[in-house]
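Reading through the structure tokens given below for one structure.
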Amino acid sequence: MGLHPSEIISGYNKAIKKTIEILNKLVEPGSENMDVCNKEEVVSRMKAAVASKQFGQEDILSSLVAEPKL
């Protein structure tokens with residue numbers, strides 16, 4: 001296609017910067033302080049996402065997904 005490898009690398013770097021910018025906007029406030037070992041906290045944050053796919057089953061499914069695996 002006539003692209004120099006440095007142009008491809010530059011494109012990837014721009015994509016990474018834009019991706020990080022977008023992801024930072026999607027983080028729920030307070031998530032950086034969330035205790036991922038606390039099942040109740042994980043379940044409460046997960047319910048909305050699960051409900052968008054399995055409405056009415058979010059309590060059961062969120063609890064199952066958050067269950068620690070040994």
>> Give me the percent relative contact order of the chain, please, defined on Cα pairs under 8 angstrom at least 6 residues apart.
In response: 20
> Among the lysines, which have Cα under 26 Å from the Cα of LYS25 when same-chain residues fewer than 8 positions away are ignored?
Replying inline: LYS14, LYS17, LYS39, LYS47, LYS53
>> If I take all pairs of Cα atoms in segment 10-70, what percentage of them are more than 15 Å from each other?
In response: 62
> Among 47-59, 26-38, what's the highest-first ranking by average C-beta atoms within 10 angstrom per residue?
Replying inline: 47-59, 26-38
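The numbers here are math on the coordinates, done by the rules we state, and not lab data. Predicted model, so just to flag it, every value in this text is computed and none were measured. Note that each Cβ is placed from the backbone with ideal geometry, even for glycine, and that neighbours are counted across all protein chains shown.
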